[in-house]
Amino acid sequence: MLDIRSVERVEDFAAPDDDPDDLGWVKEMWEDGSSRPEWTFVATAAGATVGRAGFVVTPSVTNPAWVGLLPPLEMTLFGATAWAGDPVVVLAELVRAARRSLGDTVPKILEIRTNPAIHQRPDERLALAAALDLPLFQEKEGVLWEDRGESVEASRRLRFCSLADIGPHTYAEVFARIPEGTLDRNDRWYYERVRPGHWAAQMMEYADGAEETWLIAASAEGAVGMVAISPFDEPGTATIAYIGVLPENRGNGYVDDLLAAGTDAAQRAGFTRILSDVDTQNHPMLAAMERAGHHASATPWHVWSHRGEVN
């Protein structure tokens, strides 16, 4: 049996191989309110600390139009580490006890995201999600494009204009219809619960500062689809924040035009890499990425998202 308690000082959250001075990331979460000392736990056995885990609680939406349509808060796990006994058993007991102690002060749903490109022990996190009976909500494959000095051939059948050119209202009108019938599980979950216009308004908040590289594609008959390039949090790296073809235009290979345009826009903006991810159930998009030189084999990025109630 473990003794579970919340911590009062950042240094109390340190694992044996941690430098307490390197725990500023925990303090930053306490300061910005995404976590708190009372959401940050350690487990002890026979007086010795054997594991730790904390919770991040953030608003699930920021756009007022979504309020009341979705749960107001989301809860994710951070810093989950155990260094004695069976790590998965220790962490599962820790997380369950910590979650019970918080009652209704935090969301009932917990999400555990696992990515071998970020987490040191991804197998342990996946085993923890299984031990907590959290179902797999989504799995995404990372893909990477790297600039090797080759120019990207522009589309000859579509024209492109940016969010900066056409403004947010026109852009949002197209964006609102793109996810209809999407194979992306996360997007489908949200899109089915809110109005299309509300969904687009929320998503367009991610365009801030990237208006020149958020593109709409059109043929002579009208809008075809969109590709949105945004900075990633690594130097020289961009990401495809969103890409899609309007339902009535699917089946014509336009995704290849969109990927070429997005890659070209990133290249012209000075990015040398594009790191993105695609739902593993979205086989057409994964194939299109490979055709466009965005390769899954070039990166260890892979995301499992488990989500459910912790009992």
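The values are calculated or read from the model by the stated rules, or taken from the named source; none is laboratory data. Not measured: the values here are computed from a predicted model. Because the Cβ atoms are built from the backbone with ideal geometry, glycine has one as well, and the counts that use them run over all protein chains shown. These area figures cover heavy atoms from the full protein model, side chains too; ligands, DNA and RNA do not enter into them. Shrake-Rupley method; radii C 1.70, N 1.55, O 1.52, S 1.80 Å.
With respect to residue 65, is the statement that it is outside any helix (DSSP H, G or I), touching a residue at least 12 places away in the same chain (Cβ under 8 Å), out of contact with any Phe, Trp or Tyr (no Cβ under 8 Å at 6 or more places or on another chain) and open to solvent by 30 Å² or more (accessible area, probe 1.4 Å) true?
Spelling it out, it is not the case that residue 65 is outside any helix (DSSP H, G or I), touching a residue at least 12 places away in the same chain (Cβ under 8 Å), out of contact with any Phe, Trp or Tyr (no Cβ under 8 Å at 6 or more places or on another chain) and open to solvent by 30 Å² or more (accessible area, probe 1.4 Å).
Looking at (1) open to solvent by less than 20 Å² (accessible area, probe 1.4 Å); (2) part of a helix (DSSP H, G or I); (3) over 17 Å from residue 61 (Cβ atoms), can you tell me which one residue 169 breaks?
The failed condition is (1).
Which residues, counting only those in the stretch 223-262, are in a helix (DSSP H, G or I), of a type outside the set (Gly, Ala, Ser) and under 19 Å from residue 293 (Cβ atoms)?
Within the stretch 223-262, 254, 255, 256, 257, 258, 259 meet the criteria.
Looking at residue 300 and the list (1) in a strand (DSSP E or B); (2) farther than 25 Å from residue 177 by Cβ, which single condition is not satisfied?
(1)
Six or more apart or on different chains, Cβ atoms under 6 Å: show the pairs whose first residue is in the stretch 163-191 and over 23 Å from residue 74 (Cβ atoms) and whose second is open to solvent by 20 Å² or more (accessible area, probe 1.4 Å) and at pLDDT 95 or above.
Partner pairs satisfying both residue conditions: 163/211; 164/211; 164/212; 174/223; 180/247; 181/247.
Restricting the search to the stretch 206-222, which residues are in a helix (DSSP H, G or I) and more than 15 Å from the chain's Cα centre (by Cα)?
Those that are in a helix (DSSP H, G or I) and more than 15 Å from the chain's Cα centre (by Cα): 207, 211, 212, 213.
Quick check: is even one residue across the stretch 35-57 open to solvent by 20 Å² or more (accessible area, probe 1.4 Å), in contact with a Ser or Thr (Cβ under 9 Å, 6 or more places away or on another chain) and hydroxyl-bearing (Ser, Thr, Tyr)?
no
Considering only the stretch 77-106, state which residues are of a type outside the set (A, V, I, L, M) and either surrounded by fewer than 18 Cβ atoms within 10 Å (Cβ to Cβ) or not in a strand (DSSP E or B) (or both).
Listed by number, the residues that qualify are 83, 85, 86, 87, 93, 96, 99, 100, 101, 103, 104, 105.
Would a scan of the stretch 134-156 turn up a residue that is exposed (fewer than 14 other Cβ atoms within 10 Å of the Cβ) and modelled with pLDDT of 95 or more?
Yes, that holds for at least one residue.
Could you list, in sequence order, the residues of the stretch 107-120 that are surrounded by 16 or more Cβ atoms within 10 Å (Cβ to Cβ) and touching a Pro at 6+ places or on another chain (Cβ under 8 Å)?
Correct list: 107, 109, 114, 115, 116.
Go through the stretch 276-296 and report how many residues are out of contact with any Leu (no Cβ under 9 Å at 6 or more places or on another chain) and surrounded by fewer than 15 Cβ atoms within 10 Å (Cβ to Cβ).
2
Output the qualifying pairs, or none if there are none: Cβ atoms under 8 angstrom, residues six or more apart or on different chains, first residue in the stretch 228-251 and under 26 Å from residue 157 (Cβ atoms) and in contact (Cβ under 8 Å) with a residue 60 or more places away in the chain, second residue outside any strand (DSSP E or B) and of a type in the set (Lys, Arg).
246/177; 247/177
Answer with yes or no whether residue 293 is outside any helix (DSSP H, G or I), at pLDDT 95 or above and over 15 Å from residue 143 (Cβ atoms).
No.
Please find, within the stretch 107-132, the residue that is farthest from residue 72 (Cα to Cα) out of those that are polar (S, T, N, Q) and not in a strand (DSSP E or B).
For the stretch 107-132, the residue satisfying everything is 120.
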